[in-house]
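The values are calculated or read from the model by the stated rules, or taken from the named source; none is laboratory data. All figures in this text were calculated on a predicted structure; none of them were measured in a lab. Remember, those area values only see protein heavy atoms, side chains included, never the ligands or the DNA or RNA. Shrake-Rupley method; radii C 1.70, N 1.55, O 1.52, S 1.80 Å.
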Amino acid sequence: MAYPGYGGGFGNFSNQMQMGQPVPGTGPAVLPGGYPACPAYPDSYSSAGDPMWTYFTAVADQDGEVDAEELQKCLTQSGISGTFSPFSLETCRIMIAMLDRDYTGKMGFNEFKELWAALNAWKQNFITVDKDGSGTVEHHELNQAIAAMGYSLSPQTLTAIVKRYSKNGRIFFDDYVACCVKLRALTDFFRRRDHLQQGVVSFIYDDFLQGTMAI
């Protein structure tokens, strides 16, 4: 299936380096279960003339995929983090887990393209809510960012997220991305089992562990 993007209408898969910009005047529809609807993404992309192909192939294995360490190097070389600190290895691991549909523990170029678009959207969202330009977001700013991505979360859940990802009450870009990745991956895991889209699912314990421990 085409993986959902969750994020204010982003997902403009062009061959430009600036991709995934939010589309003005659009936003995700929120389903009864409290999570955003899935925008449709193409299942394949062309690498011809794509500037990201250079970054990807410079670190990819012979099988055309990258692991977490290679992804970290690739993203650092690409400059996607801008003036923020490079992504940690742990964040790169959960990025791969988010899109690892074949459970290889690695990411191919098509998945990397999808990740790139998501990262651009999250970055733009981060910059938008970081109104003072501090390079961090606080509790109320994270609330705005998550709402802009189409999620409907309780105050208690938001507080738990802040406690998990903040340092002295502030959330840095790397942790913000880690939060966005996990929120998207867990939402997709839940959504696939929520056949009536009502926000209620019955889990088998082993299924729950497999889905959550991998992220």
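Quick notes
- Radius, Kirkwood style, for region 45-99 when every pair of distinct Cα atoms is counted (Å): 11.8 Å
- Under the Karplus curve 6.51 cos²θ - 1.76 cosθ + 1.60, θ = phi - 60°, whole-Hz ³J(HN,Hα) for region 140-150, x wherever Gly or Pro sits: 5, 6, 5, 4, 5, 5, 5, 5, 5, 7, x
- Solvent-accessible area per residue, Å², over region 65-215 with all protein chains present [probe radius 1.4 Å]: 47 Å²
- Using the Stokes-Einstein relation with a Kirkwood hydrodynamic radius computed over Cα pairs, the translational diffusion coefficient of region 150-215 at 20 °C and a viscosity of 1.002 mPa s comes to 161 µm²/s.
- Sulfur and carbon atoms: percent of accessible area, region 46-94 [1.4 Å]: 50 percent
- Isotropically averaged projected area of region 60-215, using the convex hull of Cα atoms (one quarter of hull area), nm²: 9.8 nm²
- Theoretical gain in end-to-end length, Asp207 to Ser81 [0.36 nm per residue, Cα-Cα removed]: 42.0 nm
- Whichever lysines have a C-alpha closer than 20 Å to that of Lys167, once near sequence neighbours (fewer than 8 apart) are set aside: Lys123, Lys131, Lys182
- Hull shadow area, averaged, region 73-127 [alpha-carbon convex hull, nm²]: 3.8 nm²
- Estimated vicinal HN-Hα couplings, Hz - region 169-174 in sequence order (Karplus 6.51, -1.76, 1.60; Gly, Pro = x): x, 10, 10, 7, 4, 4
- Inter-part distance, region 174-203 to region 110-133, computed on C-alpha centroids, equals 19 Å.
- Distances between every pair of Cα atoms in region 110-164, grouped in 5 Å steps from 0 to the bin holding the largest one, split as 4, 19, 24, 21, 18, 10, 4, 0 percent.
- Rounded to whole numbers, the Karplus 3J(HN,Hα) couplings from phi for region 117-124 are 4, 5, 4, 4, 5, 5, 5, 4 Hz, using 6.51 cos²θ - 1.76 cosθ + 1.60 with θ = phi - 60°, and x at Gly and Pro.
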